[in-house]
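Read through the structure below, which is laid out as structure tokens, and then see the notes.
The values are calculated or read from the model by the stated rules, or taken from the named source; none is laboratory data. This one's a predicted model, so the numbers in the text were calculated from it and none came from an experiment. Every residue, glycine among them, receives a Cβ derived from its backbone with ideal geometry; neighbour counts consider all protein chains shown.
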Amino acid sequence: MKNIIELKDVWKTYDMGEMKVHALRGLNLEVKKGEFLAIMGPSGSGKSTAMNMVGCLDVPTTGHIFLDGKDISEMGESELAQIRGKKIGFIFQKFNLLTSMTAKENVMLPLTFQNLSRSEREELAEQALKMVELGDRMYHTPNELSGGQQQRVAIARALANTPDVILADEPTGALDSKTGSSVLDFLRELHETRGTTIVMVTHDEKVAHKADRIAYLKDGMVVNSLDEDTTKKIEIQNKEMQKNEA
Amino acid sequence: MIKDYIKMAFENLRHRKVRTFLTLIGIFVGIAAVVALVSLAQGFQNYLDAEFKELGADKIIINPAGSSFGLNDRTPDPLTKDDVATISAVKGVKEVSSYSFQVSTVKWGRDDQTFATIITYPLDENRNLLEEITTATILQGRKLKNTDGFKAVVGYDYLTANRFSENLITGKKITIEGKEFEIVGINDKIGSQQDDESVFITENAYFDIYPDEDKNDVGAIFARVHEGEAPADIVKKIEKDLRKQRDVKEGEEDFEVTTFEDLIQSFLNIFNIVQVVLIGIAGISLVVGGIGIMNTMYTAVLERTKDIGIMKAIGAKNSDVLLIFVIESGFLGLMGGVLGVLIGAGLAKAVEYLGTNAFGTELLKAALPWWLIAGALGFAFLLGSLFGTLPARRASKMNPVDALRTE
């Protein structure tokens, strides 16, 4: 199977005055077309940075990123924006919908930047919203929707322009476990029925296991598996997070 | 796409109603002031143009030097009937007439009195030249005749003005310099208080009540040129002959020869300077308004950092973000412009109403040509876009990762 995403020896260094922080230290990662991959690791392991690279939101300090065979590491902001708009659909932990717009307008927005005509945009947005079973909530604003519904609007927005890759950054992080698992089921179904490539970042083992494959990230590198210490660290983090939410 | 950005801009402005309105005040005050000023100035210019057409381009005015706008200033050597004869003899001059005037108290009834211009002119075959220039037409009664003794034709205000306790009609009497005059005619409205309070009497009566006046002197002389003659050419000829007649050297003339066009032009020049100064002052408030827009847009960019991050993540290019914010600030300006035009037009109309009804003047007219409205709206949009460019640039240059991270 062809690689749709390839990260080759990717370094990302943040210059914090006197200190240099290496978020990624020679990361190598391949995502095959049609694959459902989970990137797992503790906080500070560089998984969000990796996700930003794959999503063309950021370029590496050194190294190369190939999206569908094209090197994006040297591209300018406008080109990156166009690639994001055409090839990538984002799903964020906090949904990131524009609160001043209705669900349908939110889904139509990425299509606007693709210069589609209004009627085309409306049709595609309606299709996507019906697919996430929100056909009857199209004219509601995010504030009038539950968390699970908002995340489904975000999924519809990510799907609207039929992207090559869906990037989900902790898609269940802001949802209760029941709603979270229904969103995951939805992603799973999407992957199985449409063959959509999905890359999901999570620090939750259970969530990660919904994917076909798990890439473990530690200290800005892919490791074969997480050692016991790290696994414990993640568990403690998860418990603390649940406590905070409660 | 632009249509969607415009819709987005309106939605965003609508969401921040109070802030939008406060920002708008800064713009519409300036626009309203400019629109009102230009409207009234244009109305005044239209009035002058119409006046010029009515007076005709074929007339020349001869005044004693330095008296163009100072009515009762008789210090320079006055013009004389000999000057009238000289001008009549100039080739190309069709007809010549002159008039004299004094300012006196006019009294009538129990306690009514007013300070008015008492005018006389020869009631010969050339009288129509003066009647054209004063634009006086008889509303009630009849014109003055040579055989009239102490009879007068008076201005429109004596018939109508509220400031008198008793208004006058033909047959009533007024007293000037102790002599009683019977009103035989009342002129139609001319437009200014000075004109509408004037009293016209015969030359005999005039020199009777002003015995110190030299019968050979005249206040001003008017000439009409033959058809096809250029007034400017005739002006030169008159100047040359008058120098000879009055024995003065070129450059030391104690008289002024001007066409009506010159007169109106010199007046317009002064008026235009006043206009530019006033609009300049109003312009300062527009700059302040623009800075208000800039401030509002900087706040909006800051508030919507996350939204900018989201839009960039889902495919908005830097240029898209720039356009979205520039359009928003442009429309902020345009909305201020719409309000400003409405308020400015209302203001100009109110001044016109006040002018006509409280001061009885025809000079204050509000004109709203299409170019003023379109210009004001276009300028307001431009102003908004211009002052929104810097905030919009900041928005467009945001790093999507950082923008997404803000809460």
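Details
- Selection of region B:300-314 for residues being more than 10 Å from chain A (Cβ to nearest Cβ) and either touching a residue at least 12 places away in the same chain (Cβ under 8 Å) or touching a Pro at 6+ places or on another chain (Cβ under 7 Å) (or both) yields B:Ala300, B:Val301, B:Thr305, B:Ile308.
- Taking the criterion of being touching a helix residue (DSSP H, G or I) at 6+ places or on another chain (Cβ under 9 Å) and either exposed (fewer than 15 other Cβ atoms within 10 Å of the Cβ) or away from every other protein chain (no Cβ under 14 Å) (or both), the only residue of region A:78-87 that qualifies is A:Ser78.
- The residues on offer are B:Val401, B:Val338, and the sole one that is of a type outside the set (D, E, K, R), modelled with pLDDT of 95 or more and surrounded by fewer than 24 Cβ atoms within 10 Å (Cβ to Cβ) is B:Val338.
- Residue under evaluation B:Val184, criteria (1) at pLDDT below 90; (2) over 33 Å from the mean Cα position of the chain (by Cα); (3) under 23 Å from B:Asp124 (Cα atoms), criterion not met: (1)
- Taken as a whole, the structure leaves B:Ile293 outside the set of residues that are within 12 Å of another protein chain (Cβ to nearest Cβ) and surrounded by 24 or more Cβ atoms within 10 Å (Cβ to Cβ).
- Where A:Ala50 falls short, out of the listed (1) buried (at least 16 other Cβ atoms within 10 Å of the Cβ); (2) away from every other protein chain (no Cβ under 14 Å); (3) within 17 Å of A:Thr202 (Cα to Cα); (4) of a type in the set (Gly, Ala, Ser): (2)
- Count - residues of region B:104-140 that are over 22 Å from B:Phe207 (Cα atoms) and at pLDDT 90 or above: 0
- Tally, over region A:171-227, of residues that are assigned to a helix (DSSP H, G or I), among the β-branched types (Val, Ile, Thr) and under 19 Å from A:Gln237 (Cβ atoms): 1
- Among the residues listed as B:Leu372, B:Leu364, B:Leu383, B:Leu390, the single one being assigned to a helix (DSSP H, G or I), touching a residue at least 24 places away in the same chain (Cβ under 8 Å) and in contact with a Leu (Cβ under 8 Å, 6 or more places away or on another chain): B:Leu383
- Residues in region A:160-182 that are surrounded by fewer than 23 Cβ atoms within 10 Å (Cβ to Cβ) and away from chain B (no Cβ under 14 Å): A:Gly173, A:Leu175, A:Asp176, A:Ser177, A:Lys178, A:Thr179, A:Gly180, A:Ser181, A:Ser182.
- Of the criteria (1) modelled with pLDDT under 85; (2) buried (at least 19 other Cβ atoms within 10 Å of the Cβ), which one B:Leu71 fails: (2)
- Residue within region A:88-101 that is away from chain B (no Cβ under 14 Å) and either surrounded by 15 or more Cβ atoms within 10 Å (Cβ to Cβ) or outside any helix (DSSP H, G or I) (or both) present: no
- Selection within region B:203-234 - out of contact with any helix residue (DSSP H, G or I) (no Cβ under 9 Å at 6 or more places or on another chain) and either closer than 28 Å to B:Thr361 by Cα or not assigned by TED's automatic domain parsing to the domain that holds B:Lys151 (or both): B:Gly219, B:Ala220
- Filtered residues of region A:42-52 (kept if more than 17 Å from A:Gly85 (Cβ to Cβ) and not hydroxyl-bearing (Ser, Thr, Tyr)): A:Pro42, A:Gly44, A:Gly46, A:Lys47, A:Ala50, A:Met51
- Exactly one residue out of A:Arg152, A:Arg118, A:Arg157 is within 12 Å of another protein chain (Cβ to nearest Cβ) and buried (at least 23 other Cβ atoms within 10 Å of the Cβ): that is A:Arg157.
- Among (1) within 14 Å of chain A (Cβ to nearest Cβ); (2) among the aliphatic types (A, V, I, L, M); (3) within 38 Å of the chain's Cα centre (by Cα), the one test that B:Ala395 misses: (3)
- All positions within region B:262-285 that are surrounded by 12 or more Cβ atoms within 10 Å (Cβ to Cβ) and more than 16 Å from the chain's Cα centre (by Cα): B:Asp262, B:Ile281, B:Ala282, B:Gly283, B:Ser285
- Region A:141-170, subset over 20 Å from the mean Cα position of the chain (by Cα) and part of a loop (DSSP other than H, G, I, E, B), residue nearest to A:Leu184 (Cα to Cα): A:Ser146
- Taken over region A:123-140, the criterion of being crowded, with 17+ Cβ neighbours inside 10 Å and either within 14 Å of chain B (Cβ to nearest Cβ) or outside any helix (DSSP H, G or I) (or both) is satisfied by A:Leu124, A:Ala125, A:Ala128, A:Val132, A:Leu134, A:Arg137, A:Met138.
- When the residues of region A:102-114 are filtered to those that are in a loop (DSSP other than H, G, I, E, B) and either more than 19 Å from B:Arg304 (Cα to Cα) or among the hydroxyl-bearing types (Ser, Thr, Tyr) (or both), the one that is farthest from the other protein chains (Cβ to nearest Cβ) is A:Thr102.
- Residue match in region B:326-344 (condition: in contact (Cβ under 8 Å) with a residue 60 or more places away in the chain, within 14 Å of chain A (Cβ to nearest Cβ) and assigned to a helix (DSSP H, G or I)): yes
- Complete set of residues in region A:53-77 that are outside any loop (DSSP other than H, G, I, E, B) and either within 13 Å of another protein chain (Cβ to nearest Cβ) or free of Cβ contacts under 8 Å to residues at least 24 places away in the same chain (or both): A:Met53, A:Val54, A:Lys70, A:Asp71, A:Glu77
- Total residues in region B:8-22, condition under 15 Å from B:Gly330 (Cα atoms) and assigned to a loop (DSSP other than H, G, I, E, B): 0
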